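A.B. asks: Here it is, the structure, as structure tokens.
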Amino acid sequence: MRNSVVGAMTDQKMRGKSLNSMLTMQGGVKILAKYRTKCLSIAEASTFYLSRLLGMNNVPTIGLTQPNPSSPQWNNPAVRMKLQDKGWKSDDYVTLNIWLTDFIENVSFPKCILHNDKQIWVGNVALRDMTLQSLSDLAQWSDMVILDYLIFHTDRVTRSLRTISSAIKEPWLLDLTIKNLGRRGRKFWLIDNEAAASFVSRIKPTVTDSNYHEYLLNSTCVFRRQTVENIVWLYYQGGLDTLLSQTVTDNEPLITDEDITECKSNSLFHRPLAILEQRLQRVYQHILRCVSYVDNSKYFESINEDV
């Protein structure tokens, strides 16, 4: 994708952002191009590769490139003119995202989380009459909760919840549409992942953001087996930050270790290199707490259906 030739380029303004463009590659594939700072591009790339380390396949494939009009990728005369009109500099970064056009519905807050003990776990009676697809939805929801917790995402559920004073007490939360989360068929897709405060120096999470992340994690005890197995493996492996940085630089030729270090060194976190590891440990401890809720012989309740 990062080397595919751009055949056409049109403006794509989304959520107030005018620096996006829709690319039609030779062959007709649609790609959303986001012109961003280096650190925002690294944040989105890091989120994608972290999702893969966790065994998740619901973050759209991305690739990083530079809008150099002299390169074969951007050499179409109309495309070169568009680059000039938009003011895209050849040494800046463009994040290429596979364009998912046919979301058939938005995703709302799980209804069962507002019943009984306010937790998604096997003891919640609201789960007893759920269909297999509804249970699969909960497992995908928990994937989102885990990923967003790890990266400290500030522009998905936490953004949606900021409009209310109490997530648990407001009944209209049942109809709340989650930003940057969509469904296509049976599958959830997590889109627009640049607002990852664990990776980006300019994003400073609020206390409210932190509280919502804790609330969402604490409310969830139904997981995909593969996600849990990967969390356990990463926990005992140690050095997640180093592993992720290596994965990014191995797969994205434009990104160097120095680039990642630069973004981390300017972080608003006191110890940025330790944040990801600390949040992984928190997720691991939460999973152990969930295990204690059920018969130890079962180990944990998981949804192992391919989605």
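The values are calculated or read from the model by the stated rules, or taken from the named source; none is laboratory data. These numbers were taken from a predicted model, which means no experiment stands behind them. Glycine also receives a Cβ, built like all others from the backbone with ideal geometry; neighbour counts cover every protein chain displayed. Side chains are part of the model used for accessible areas, which takes the heavy atoms of the whole protein and leaves out ligands, DNA and RNA. Shrake-Rupley method; radii C 1.70, N 1.55, O 1.52, S 1.80 Å.
A.B. asks: Need pairs with beta-carbon distance below 9 Å; first residue over 14 Å from ALA43 (Cα atoms) and in contact (Cβ under 8 Å) with a residue 24 or more places away in the chain and within segment 224-252, second open to solvent by 50 Å² or more (accessible area, probe 1.4 Å) and in a helix (DSSP H, G or I); sequence gap 6+ or separate chains.
C.D. replies: LEU234/LEU243; TYR235/GLN281; LEU243/GLN237
A.B. asks: Something else now. Does THR208 fit the bill of being at pLDDT below 85, within 25 Å of LEU135 (Cβ to Cβ) and open to solvent by 10 Å² or more (accessible area, probe 1.4 Å)?
C.D. replies: Numbers: at pLDDT below 85: yes; within 25 Å of LEU135 (Cβ to Cβ): no; open to solvent by 10 Å² or more (accessible area, probe 1.4 Å): yes.
When the stated conditions are applied, THR208 does not pass them.
A.B. asks: Further question on the same structure: Which condition number does LEU216 fail, the rest of (1) within 18 Å of the chain's Cα centre (by Cα); (2) of a type outside the set (Asp, Glu); (3) modelled with pLDDT under 85 being met?
C.D. replies: Among (1) within 18 Å of the chain's Cα centre (by Cα); (2) of a type outside the set (Asp, Glu); (3) modelled with pLDDT under 85, LEU216 violates only (3).
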